[in-house]
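Engineer: One structure coming up, written as structure tokens, with questions to follow.
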Amino acid sequence: MTKNVIEVKSLVKKYGDFTAVDNISFSIKKGEIFAFLGPNGAGKTTTVEIMECLKSLTAGSVNILGYDIKKDEMKVKQKIGVLPQDFNAFEWLTVYENIDYFAQMYPKHLDVDSLVEMLSLEHKRDVLFKDLSGGLKQRVGIAISLVNDPEIVFLDEPSTGLDPKARRDVWDAVKKLKKQGKTVFLTTHYMDEAHYLAGRVCVLHNGHIIAEGTPEDLINRYGGGNMLIIRECDGHTRNELIKSIPDCKVEGNDILVELEEGNGMKSMSDAISIINANGLTCEELYVKKATLEDVFLNLTGDKLVEGGK
Amino acid sequence: MSRISTDIKYSFKETFRDRMNIFWMFVFPIVLFLLFGYIFGGQSGSITLYYQDNDVSQMSNSFIQALNSTGALELKDGSGMNLEQMLKDGKVSAYIEIPKGFGQDIITTGSGGSPSADLPVYYDKSKPTSMAAVSVVQQVANGFNMKMAGAKNIINVNPTEAASSGMNYFDFLLPGILAITIMSAATNMAVGTIARLRSTGVFRKLSTTPLSSKEWIAARITTWTVLVILSLAVAVFMAWLVFNIHPNINLISLLLIVLGTALFAGFGIVVANFVKNEESAMNAVGVITFPLMFVSGTLIPVENMPWFLQYLAKISPLTYLSEGLRSSMITGNTGDAFINLAIVAVLGIILFGLGVATFSWKED
Ligand SMILES: Nc1ncnc2c1ncn2[C@@H]1O[C@H](COP(=O)(O)OP(=O)(O)OP(=O)(O)O)[C@@H](O)[C@H]1O
Ligand SMILES: [Mg+2]
């Protein structure tokens with residue numbers, strides 16, 4: 001059994017009367033990539049910044065690598081790496097100089113040029129930070145978060161605001177961290193990001209954890225299953241389909257069939273036979289897989305009706 | 001230690017890469033110096049004449065009235081003041097000393113007796129207005145002579161070029177500009193750096209590293225002090241090159257510069273600690289320091305300002321910094337310099353201490 005490197009118990013954070021984080025508990029094992037998934041204002045940053053010793057907690061306990069963050073702040077700081085939300089470094093220093101600045105803050109640190117190389121920043125090594133694009137700034141931020149060769153890396157919304165290519169680059173960097181055996185704590189409001197990167201996801205909403213598990217787990221449990229969609233059928237075929245497939249839904253000229261575990265295959269083959277028998281009078285037919293998006297929508301109740309359940 | 005030296009090294013690099021900093025630090029003080037020098041240089045407002053009436057007779061009184069009624073002078077009662085020293089310090093450009101027995105002498109001379117009444121006028125040749133003051137005194141005395149004795153010389157005006165301050169307006173102005181430079185550079189660097197690094201989130205990042213906020217302040221105050229000294233050095237060098245001014249660089253003036261920097265940096269830190277919004281913090285500092293530039297005896301002597309501004313000058317820390325620099329660098333009045341140094345030191349320790357004590361980059 002691998003040991004827990006992060007243990008959070010009954011954590012509460014209040015800003016005045018407002019409770020931003022409401023009694024949450026979780027633990028993370030060494031080498032995991034763990035994602036906090038939640039909308040704006042869910043309490044992700046607040047939780048992360050408490051773990052980074054940046055904010056004080058109102059109640060509960062946080063234990064990082066065996067140290068209580070309240071008592072051993074300095075020891076914790078030596079062993080973690082942080083990419084804050086909306087990261088910025090010194091504008092008038094170059095990429096290399098910025099990484100070097102932060103490296104020098106630690107008694108033991110990695111070679112700066114090897115970090116430049118690891119994040120593929122060689123061609124921007126001597127460019128001023130203020131002249132970098134958003135994606136490059138985030139990569140510099142990740143490089144800086146690694147200067148002390150940390151055991152745990154916290155990345156707060158590493159890809160927010162980036163274009164698809166820049167997001168991919170950031171994702172590649174995170175995957176490299178996993179390969180190196182580091183524990184990564186990630187926050188995001190992108191479902192695909194959580195799905196692609198994280199081994200385990202915690203869905204946070206209004207300061208509460210409302211679901212936790214592997215992405216597949218969550219999709220199976222809360223995704224509302226897969227959905228067969230048959231589009232643009234003529235009137236006769238549509239009536240035939242409605243008659244022979246129970247529990248199907250009609251939306252305009254489309255028919256939606258929830259594929260339940262067990263008899264999903266039967267529904268599909270029934271549908272295809274009917275379409276075949278009626279002279280292929282439908283436009284298209286496909287199966288839509290549930291995503292974390294659906295999980296989220298179902299759990300937070302925003303669009304509960306559409307998702308089924 | 002290496003954390004502090006790293007921050008110092010890189011904060012210098014950052015400063016010198018931004019051209020705007022170069023302008024504010026090295027060009028702006030010189031522009032100010034030339035601008036104010038030429039605007040106020042020739043005619044520093046009204047002509048002020050101090051007097052000391054040691055006679056207190058009807059005659060001396062009417063002589064003073066006569067001076068006053070010319071309207072050409074602003075008369076100031078200098079009784080009890082050490083006018084000789086003030087002239088040497090460049091605070092007074094001319095004064096008369098009505099000797100005891102002045103009135104009696106006029107009466108005896110007028111009635112045929114021999115000794116005429118002497119009236120010494122002391123003036124500072126380096127001040128353009130002083131000669132005007134002397135000539136007004138001369139004319140009023142002539143008027144007396146005319147009226148009372150038919151052009152017979154009963155009042156003998158005795159102009160004496162006093163042990164001068166040797167200070168023309170540019171000499172006077174230089175320490176004032178240096179003080180203004182210390183104030184604006186130190187406050188703006190402190191409030192600007194803190195507000196910017198906070199709003200861009202660099203502080204949030206720094207606070208997750210082993211660097212402490214006290215270490216960061218220690219590093220930055222070192223950088224700021226060195227930058228201020230460099231900036232003053234360039235200004236002094238220019239003044240020497242163009243106006244042939246040779247200020248004394250001594251321990252007191254150096255201490256004034258260092259403690260003055262701490263004072264105003266401390267003030268900037270305090271403002272940045274309490275006003276969290278970057279723009280509001282910069283504005284707050286501007287609103288306070290801008291008027292101080294003008295009321296602190298930097299551009300015109302405090303003695304020449306209206307009385308209500310003189311009160312403001314008394315509570316402005318910049319006054320003591322500027323007077324201290326003027327005494328130590330230009331007039332060489334060590335006693336005066338030392339008193340001002342003491343005031344700047346106390347204020348500096350209080351404000352800088354307050355700044356450090358309230359500075360934190362942690363959020364709650
Ligand atoms: N310093 C503060 N004072 C008062 N309220 C705060 C403070 N910081 C955060 N909050 C509030 O706490 C809640 C949680 O904020 P937090 O920044 O943790 O959310 P988040 O999940 O990181 O959101 P985002 O995706 O926008 O980054 C929000 O409602 C926010 O307005
Ligand atoms: Mg956040």
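Engineer: Considering only protein heavy atoms, what is the solvent-accessible area of A:Trp92 at a probe of 1.4 Å, reported in Å² to the nearest 10?
Structural biologist: Only protein atoms counted, so the area is about 60 Å².
Engineer: Quick one: angle between helix B:317-326 and the longest Cα principal axis of chain B, in degrees between 0 and 90, rounded to 10, please.
Structural biologist: Compared with the principal axis, the helix lies near 60 degrees.
Engineer: Now, a different point. Can you tell me the orientation of helix B:58-69 relative to chain B, as the angle in degrees between its alpha-carbon axis and the longest Cα principal axis, to the nearest 10?
Structural biologist: Its long axis makes an angle of about 60 degrees.
Engineer: If each DSSP helix of 4+ residues adds -39,500 (n - 2.57) and the sum is divided by the residues in the protein assembly as shown, what number results at 222 nm, nearest 500 deg cm²/dmol?
Structural biologist: The helix-only estimate for the protein assembly as shown comes to -16000 deg cm²/dmol at 222 nm.
Engineer: How much length would be gained if the chain were fully extended between B:Lys13 and B:Ser135, taking 0.36 nm per residue of separation minus their Cα-Cα distance, in nm to one decimal?
Structural biologist: The span from B:Lys13 to B:Ser135 would gain 38.2 nm if fully extended.
Engineer: What percent does the relative contact order of region A:1-102 come to when contacts are Cα pairs within less than 8 Å and at least six residues apart? Show your work: numbers first, answer last.
Structural biologist: On the way: 125 pairs, mean separation 27.1, N = 102.
Computed over region A:1-102, the figure is 27 percent.
Engineer: Return the value, in Å² to the nearest 100, of accessible area buried between chains B and A (probe 1.4 Å, both sides summed).
Structural biologist: 2800
Engineer: Continuing with the same structure: Quick one: in chain B, what % of C-alpha pairs are over 25 Å apart?
Structural biologist: 59
Engineer: A follow-up question, please. Among B:Ile4, B:Ser316, A:Gly141, whose Cα sits farthest toward the positive end of the charge dipole of the protein assembly as shown (+1 at Cβ of Lys/Arg, -1 at Cβ of Asp/Glu, about the Cα centre)?
Structural biologist: It is B:Ile4, whose Cα lies furthest towards the positive end.
Engineer: Continuing with the same structure: Please calculate how many Å² of accessible area region B:222-364 carries per residue, with a 1.4 Å probe and no DNA, RNA or ligand atoms counted.
Structural biologist: 46
Engineer: Tell me the relative contact order for region B:240-364 as a rounded percent, counting alpha carbon contacts under 8 Å between residues six or more apart. Each step should come with its number before you reach the end.
Structural biologist: On the way: 139 pairs, mean separation 52.1, N = 125.
Relative CO of region B:240-364 lands at 42 percent.
Engineer: Now, a different point. How high is the relative contact order of region A:4-221, given as a whole-number percent (alpha carbon pairs under 8 Å, six or more residues apart)?
Structural biologist: Here the relative contact order equals 29 percent.
Engineer: Under the definition of partner shielding as Cβ atoms of other protein chains within 10 Å of a residue Cβ, what is the mean value for peptide B:209-216?
Structural biologist: What the average comes to for B:209-216 is 4.
Engineer: What's the ranking of B:310-321, B:183-194 by average number of surrounding C-beta atoms within 10 Å, highest first?
Structural biologist: Numbers: B:310-321: 20.1, B:183-194: 24.2.
Packing order, densest peptide first, comes out as B:183-194, B:310-321.
Engineer: Work out the length of the dipole vector of the protein assembly as shown about its Cα centre, built from +1 on the beta-carbon of each Lys and Arg and -1 on the beta-carbon of each Asp and Glu, and round it to the nearest 20 debye. Walk me through the intermediate numbers first.
Structural biologist: Values: 61 positive and 70 negative charges, 243 e Å.
Roughly 1160 debye for the protein assembly as shown.
Engineer: To the nearest 10 square angstrom, what accessible area does B:Thr70 show with a 1.4 Å probe?
Structural biologist: We get 70 Å² for B:Thr70.
Engineer: Once you average over the residues of A:54-63, how many Cβ atoms of partner chains fall within 10 Å of each Cβ?
Structural biologist: Mean inter-chain Cβ contacts per residue within 10 Å come to 2.
Engineer: For chain A, find the longest principal axis of its Cα atoms and tell me its angle to the long axis of helix A:134-145, 0 to 90°, nearest 10.
Structural biologist: Roughly 50 degrees between the two axes.
Engineer: Where the accessible area of chain A is counted over protein heavy atoms with a 1.4 Å probe, how much of it, in %, is carbon and sulfur?
Structural biologist: Result for chain A: 49 percent of the exposed heavy-atom area is carbon or sulfur.
Engineer: Same structure again: Return the distance in nm (one decimal) between the two label points of a simple spin-label model at B:Lys147 and A:Lys3, each offset 7 Å from Cα along Cα→Cβ.
Structural biologist: 10.4
Engineer: Can you sort B:Thr209, A:Thr281 by solvent-accessible area, 1.4 Å probe, largest first? Walk me through the numbers before you get to the answer.
Structural biologist: Details: B:Thr209 0, A:Thr281 45 Å².
So the residues, ranked largest to smallest area, are A:Thr281, B:Thr209.
Engineer: Under the rule of at least 5 residues apart or a separate chain, name every residue whose amide H is placed under 5 Å from the amide H of B:Asp118.
Structural biologist: Amide H neighbours of B:Asp118, under 5 Å, 5+ apart: B:Asn156.
Engineer: Would you tell me the mean number of C-beta atoms belonging to other protein chains that fall within 10 Å of each C-beta in B:8-15, as a whole number?
Structural biologist: Shielding by partners across B:8-15 averages 4.
Engineer: If you don't mind, there's one more thing I want to ask. Below 19 Å, Cα to Cα, which lysines can A:Lys3 reach? Residues fewer than 8 away in the same chain don't count.
Structural biologist: The reachable lysines, counting only those whose Cα sits under 19 Å from A:Lys3, are A:Lys29, A:Lys30, A:Lys75, A:Lys79, A:Lys178, A:Lys179, A:Lys182.
The values are calculated or read from the model by the stated rules, or taken from the named source; none is laboratory data. These figures come from a predicted structure and were not determined experimentally. Note that each Cβ is placed from the backbone with ideal geometry, even for glycine, and that neighbours are counted across all protein chains shown. Ligands, DNA and RNA are excluded from the accessible area calculation, which covers all protein heavy atoms including side chains. Shrake-Rupley method; radii C 1.70, N 1.55, O 1.52, S 1.80 Å.
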